[in-house]
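Below: the structure, in structure tokens.
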Amino acid sequence: MNLKEVREKAKLSQAAFAKTIGVSSSAVASVEAGRMKTSQKIIDKVKEVYGEVIEPEVKKVQAAEKKVEEKIEAVEKKAEAVVNGAIETKEKAEKKVAETKEKVAETKEKVAETKAKAAKAKAKAVETTTKAKAVAAKAEKKVKKTTKAAGAAAAGAVKKVLPKKPEVVIQSPMGGEITPEAILAKIGEADKVYVRVDVNKAYWVKGDEAGSVDLW
């Protein structure tokens, strides 16, 4: 008989039972839950008060050992299955590696052939490119020379045809001066600009927007 069986036979709660044998209720709860071994004090007190003999915890130990043995057996079986699976996997892997090596060898051979062809094509392309560059350089040199001559001639012709652009200066009644270029620099981009020196303003319009800047 174990401690719980003695208590239940006496029809007592853990607290009441613990009081009769002179221990704490937590000690009784721990023994019944298997968290603590039954002390010799409890065994002796139970025998004294209730006339019951608590069996040594050999059965619990045996039960625990049995569970451990069962777990070990289960682990061994699982390990054996894993080993067998690993051997099978290894054999499959070795076969796959052999097949892969064969394919790699074939691929290397094809790659070597392709590289040889590519090298020939590259050599021919380099030769063609070199010739083309030489022809292009010669043509570019000729074009530059012709363009330079044509540009010089055109510049001379334009210089002769176009009159010199006069500098326009706007003078304020207060004595300040400003050029149209300076006004545009103040305003930035605009569609129209209206200059009124009498109020020292330049009015601008850009799309739906409008504004003004001071001239001086």
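The values are calculated or read from the model by the stated rules, or taken from the named source; none is laboratory data. The structure presented is a predicted model; accordingly, all values stated were derived computationally and were not measured. Methodologically, a virtual Cβ is constructed for each residue, glycine included, from the backbone with ideal geometry; neighbour enumeration extends over all protein chains shown. Keep in mind that these areas ignore ligands, DNA and RNA; they rest on the heavy atoms of the full protein, side chains included. Shrake-Rupley method; radii C 1.70, N 1.55, O 1.52, S 1.80 Å.
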Ignoring trypsin sites (Lys or Arg not before Pro) that are buried or in helix or strand per DSSP, and keeping those with at most 12 other beta carbon atoms within 10 Å, what is the longest stretch of the chain between them? 36-163
Compute the FRET efficiency between L12 and E76 as 1/(1 + (r/R0)^6), taking r as their Cβ-Cβ distance and R0 = 45 Å, and round to the nearest 0.05. 0.45
Quick calc, the chain, dipole around Cα centre from Cβ unit charges on Lys, Arg (+) and Asp, Glu (-), nearest 20 debye, gives 1860
Shape call, the chain: gyration tensor on alpha carbons, a/c limit 1.5: oblate
Over 26 Å (Cα to Cα) among K148/K186; K108/K133; K66/K90; K11/K41 -> K148/K186; K108/K133; K66/K90
Furthest towards positive pole of dipole, V193, V82, Q40, structure part the chain, Cβ charges: V193
Value of relative contact order over the chain, rounded to a whole percent, pairs C-alpha under 8 Å and six or more apart: 8
Farthest positive-ward along the chain dipole, Cα basis, beta-carbon charges - from S13, A121, V28: A121
Estimated inter-spin distance, E48 and A33, nm [label 7 Å along Cα→Cβ]: 2.7
Please label the shape of region 106-216 as rounded, prolate or oblate, based on the square roots a ≥ b ≥ c of the eigenvalues of the alpha-carbon gyration tensor (a/c under 1.5 means rounded; beyond that, a/b larger than b/c means prolate, else oblate). oblate
How do L3, L12 rank by accessible surface area computed with a 1.4 Å probe, from largest to smallest? L12, L3
Rounded to the nearest 10, the angle in degrees between the Cα long axis of helix 40-50 and the longest principal axis of the Cα atoms of the chain comes to 50
At R0 = 35 Å, how high is the FRET efficiency between V197 and A155 if r is their beta carbon distance? Nearest 0.05 is fine. 0.40
Suppose each label sits 7 Å from its Cα in the direction of the beta carbon; what would the E189-A93 distance come out to in nanometres? 6.7
Using the alpha-carbon centroid of each, what span in Å lies between region 79-150 and region 2-46? 84
